[in-house]
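What follows is a single structure, written as structure tokens, with notes after it.
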Amino acid sequence: MSDTAPRLATDSFWWPRTVTPWVRGLAIASLLANTLLVFTGGLVRLTGSGLGCPTWPRCTADSWTNTSEMGIHGVIEFGNRLLTFVLTVVAVLTFVSVLRLRHSHPKLFRLALYLLIGIPVQAVVGGVLVHLDLHPLLVGMHYFLSAIMISLSTLLVLNTRREGLSVVAHDQRPGQLHGQEKLVRALAVVTGLISAVILYLGTLVTGTGPHAGDQDSARLAFDSVDIARAHAVPVYLLTITVVAGIVLCTVKSLPRVLRTAYAVMALVIVAQGAVGYYQYLHQVPVPAVSLHMVLSAALIWAATRVVSISFYLAADSHEHAAPVDLGGAATAPLGDVQPVR
């Protein structure tokens, strides 16, 4: 039997009344597009193309697009700007897809709205960044906005799956933590906070290093070795926290979905740490730094999953009560679909 929400007779593909595969697919598209923006933004910085388009919102004073005279730097910077339009299309489609769900699934509506609002905010900050000649602190803020967008997109993916797939709703139902709710929440909070500190210190490391985005851009005055070591400290703390989460899940026989979330995060930390040490020992080569930035997006995704799943499992079971049909979606009388929030 299909594990998707049943459609009502008046349902529309573009404007559904239930959490359909189209809604879930758009949530995934939003996550991928925001992750791609981190990659292309890193490419702009690592290739020295940050001022490839020397002004904003136009690329030059006389042109909205890059010109042949601007060379490869203009192509890279303008390509990164074009990705904003892709993000906008995905965000608008996502918002429209949940518009009729705003009463039955308000969480999905809010997340889609935040993602839609975040795009112009991100664009304006990017424009200010150009006018301030890529000041490293503002570059870090620009990255942090992308981190927030990735986190929101991850939450949208998680919630569309919970509210549209009964198997997921069943696996993540509250009431399975055997009295460990407070400890699970505490570990989740620590995981989220340390991850945020790692990302922030990472922006300082980047702002101190050689990849300024343009040869004339300012650098932060930190000692590169000291700031790199400071960046490593919360990574060790996060590793200990994640290992503690895995041990807790194993010893207390907590739901497999939570243990898997911690295990995935452990793999991301190992990969990120390995690339980080490699770039530190090899004078921060461009390919390694680029991979490190992509893995930072993976860390945001993994940390958000751990926090969201932990708090969902630790919630009062009455908050999320909904009749569940394991062969289909969460169902309710008259064929409508009750939200699992």
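Derivation of every value follows stated rules applied to the coordinates shown; laboratory data play no part. The shown structure was predicted, so the numbers you read here are calculated from the model rather than taken from an experiment. Neighbour counts run over all protein chains shown; Cβ positions are idealised from the backbone, glycine included.
Once you reduce the stretch 149-215 and the stretch 243-291 to the center of their Cα atoms, the two points are 13 Å from each other. For the stretch 20-29, the Karplus equation 6.51 cos²θ - 1.76 cosθ + 1.60, evaluated at θ = phi - 60°, returns couplings of 8, x, 4, 5, 5, x, 5, 5, 5, 4 Hz by residue, with Gly and Pro reported as x. Neighbour counts of C-beta atoms inside 10 Å place His142, His170 in the sequence His170, His142, starting with the fewest. For the stretch 175-314, relative contact order (Cα pairs under 8 Å, six or more residues apart, normalised by length) works out to 36 percent.
Summing charges over neighbours of Thr191, with a neighbour being any other residue whose Cβ is under 11 Å away from its Cβ, gives +2 when K and R count +1 and D and E count -1.
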